[in-house]
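Note sheet for the following structure.
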Amino acid sequence: MTTQKMKSDRRAGRAEGPSEEVVDRLAGLLPREALEDALAGLEPEEITGPGGLLGQLAGRVIETALGAELSEHLGYPPGQAPPGGAGNVRNGSTAKTLQTELGPVAIGTPRDRAGSFEPRLVAKRQTRLAGLDDRVLDLYAGGMTVRDIESHLRGLYGVGVGRDTISRVTDAVLDDVVAWRTRPLETVYPIVYFDAMMVKVREDRSVRSRACYLAVGVTVDGDREALGIWWQDTEGAKFWLAVLNDLHRRGVKDVLIACVDGLTGFPEAIEAVFPAAWVQTCIVHQIRSSLRYVNYRDRRKLAADLRPVYCAANADDALAELERFEETWGARYPMIAQSWRERWTYIIPFLALPEDLRRVVYTTNTIEAMHRQIRKAIKTRGSFPDEQAATKLIYLAIERAETKWRSARSWTSALAALKIHFGDRIPD
């Protein structure tokens with residue numbers, strides 16, 4: 001099972017809630033007519049507001065569950081003597097206020113005389129339910145600052161969660177980040193997209209833009225998966241080689257198609273670690289690079305004349321179209337055709353693939369879409385205090401983005417085409 005699927009299963013498990021049988025049993029204890037009578041005359045804030053009816057009911061449910069845990073721990077229900085005579089007994093309760101998504105909820109945590117009871121639902125010294133921690137992380141991943149989260153929770157739920165507490169909740173993610181960045185990966189990735197983005201980090205009383213290296217792989221099942229986060233002062237092929245070696249150490253034995261931008265030396269770095277990989281330069285990056293040299297009045301016409309090159313049926317036709325383009329525009333913009341010829345080996349691989357698979361590999365839009373999601377989260381920060389803080393937020397933004405990812409489009413037909421071209425390198 002892929003990492004992406006396991007994450008989806010965990011999220012689905014959190015969202016399932018109680019079974020229908022449990023809901024029906026509770027509905028039988030509180031019929032609709034009796035519930036309507038109980039709610040008659042109450043204002044909305046008296047029902048859902050802080051200290052309202054829902055919060056009080058939640059407190060009773062939690063107390064009942066804790067009481068059931070204590071009965072299981074002691075081995076006998078309330079009102080009975082300990083089995084076998086003298087033994088551990090109930091010893092009252094301790095008042096506690098829980099911060100929840102319903103607002104503050106007052107409960108009494110039951111105690112035993114021996115002090116050996118360790119409740120699971122609400123542990124000792126726990127003052128927040130897990131759902132509130134999830135909400136804090138979701139807000140943080142969405143780009144809200146600690147100050148904004150504190151204000152949001154207070155205004156929406158009436159919950160007073162301090163900034164230090166919010167920071168501790170988000171810092172708890174760091175262990176997950178370490179495990180995620182070192183986890184074993186799939187043996188084979190049919191497609192991997194590589195790209196870096198610049199992030200402002202404070203160092204030595206100054207703010208510097210550092211390169212955050214990212215990779216997104218498409219598994220044999222068509223699921224997309226972020227493979228890691230790496231940092232370096234600038235983007236360069238030398239450090240990409242270190243990234244590729246890290247992927248190899250974590251279990252990646254083969255990459256069929258590596259999609260990259262036009263960074264000099266990057267294809268050679270990929271071939272050093274994965275010598276059988278097809279390296280595909282992003283056509284969109286190549287077009288943008290070409291249009292930088294063009295006067296505004298010529299751009300639309302030149303772009304139209306360039307289109308037959310990358311839309312050709314095969315590499316031979318593409319070369320003929322490039323020669324035709326050079327005849328038309330070579331005198332005015334000789335550097336464009338020259339640039340395409342220099343990168344020709346890494347421009348044409350996708351032309352050997354069918355149309356459905358071409359759409360998947362001719363551009364790095366897949367990883368750039370993830371960059372956009374990350375930038376939404378980090379745009380509220382002028383800069384990060386250190387690399388660790390940046391990594392934490394970028395990781396949470398990736399986790400949030402992955403919940404919306406779907407399998408690659410038309411993957412069944414694309415996988416069949418990959419099987420034709422790469423044969424036994426595609427595992428059965």
Check your understanding: Of the residues that make up the stretch 374-393, is at least one of a type in the set (A, V, I, L, M, F, W, C), open to solvent by less than 50 Å² (accessible area, probe 1.4 Å) and touching an Asp or Glu at 6+ places or on another chain (Cβ under 6 Å)?
Key -> no
Study note, to complete from the structure: Exactly one of 363, 380, 391 is closer than 16 Å to residue 229 by Cβ and polar (S, T, N, Q), and that residue is 391
Review point. For residues in the stretch 379-398 being touching a Leu at 6+ places or on another chain (Cβ under 8 Å) and not in a helix (DSSP H, G or I), which is farthest from residue 212 (Cα to Cα)?
Key: 381
Review point. Scanning the stretch 212-226 for residues that are out of contact with any Phe, Trp or Tyr (no Cβ under 7 Å at 6 or more places or on another chain) and open to solvent by less than 10 Å² (accessible area, probe 1.4 Å), which turns out farthest from residue 426 (Cα to Cα)?
Key: 214
Practice item. Give the stretch 61-90 a look and list any residue that's open to solvent by 40 Å² or more (accessible area, probe 1.4 Å) and aliphatic (A, V, I, L, M), or say none. Key: 61, 68, 81, 86
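What number of residues within the stretch 380-414 are within 21 Å of residue 174 (Cβ to Cβ) and in contact (Cβ under 8 Å) with a residue 24 or more places away in the chain?
22
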Check your understanding: Only one of 288, 249, 300 is free of Cβ contacts under 8 Å to residues at least 40 places away in the same chain, closer than 22 Å to residue 370 by Cβ and open to solvent by 70 Å² or more (accessible area, probe 1.4 Å); which?
Key -> 288
Exercise for review: Please state which one of 181, 208 is at pLDDT 70 or above, of a type in the set (D, E, K, R) and not in a helix (DSSP H, G or I).
Suggested key: 208
Check your understanding: Given the conditions (1) open to solvent by 30 Å² or more (accessible area, probe 1.4 Å); (2) touching a strand residue (DSSP E or B) at 6+ places or on another chain (Cβ under 6 Å); (3) of a type outside the set (A, V, I, L, M); (4) part of a strand (DSSP E or B), which single one is not true for residue 235?
Key -> (4)
Review point. Taking the stretch 198-239, which residues are in contact with a Gly (Cβ under 8 Å, 6 or more places away or on another chain), free of Cβ contacts under 8 Å to residues at least 60 places away in the same chain and either among the charged types (D, E, K, R) or more than 22 Å from residue 378 (Cβ to Cβ) (or both)?
Key: 236, 237, 238
Study note, to complete from the structure: Counted residues in the stretch 220-232 being in a loop (DSSP other than H, G, I, E, B) and under 21 Å from residue 397 (Cα atoms) come to 1
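For residue 240, state whether it is in a strand (DSSP E or B) and either open to solvent by 20 Å² or more (accessible area, probe 1.4 Å) or modelled with pLDDT of 90 or more (or both).
no
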**Study point:** Of all residues making up the stretch 332-377, the number that are free of Cβ contacts under 8 Å to residues at least 40 places away in the same chain, polar (S, T, N, Q) and under 15 Å from residue 306 (Cα atoms)
**Key:** 1
Check your understanding: Can you find a residue in the stretch 265-285 that is in contact with a Gly (Cβ under 6 Å, 6 or more places away or on another chain), open to solvent by 20 Å² or more (accessible area, probe 1.4 Å), modelled with pLDDT of 90 or more and in a helix (DSSP H, G or I)?
Key -> yes
Review point. For residue 325, all conditions in the list (1) buried (at least 20 other Cβ atoms within 10 Å of the Cβ); (2) in contact (Cβ under 8 Å) with a residue 24 or more places away in the chain hold save one; what is the number of the exception?
Key: (2)
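The values are calculated or read from the model by the stated rules, or taken from the named source; none is laboratory data. A quick note: this is a predicted structure, and the numbers were derived from the prediction, not measured. Backbone-built Cβ (ideal geometry, glycine too); neighbour counts: all protein chains shown. Heavy atoms of the whole protein, side chains included, go into the accessibility calculation; ligands, DNA and RNA do not. Shrake-Rupley method; radii C 1.70, N 1.55, O 1.52, S 1.80 Å.
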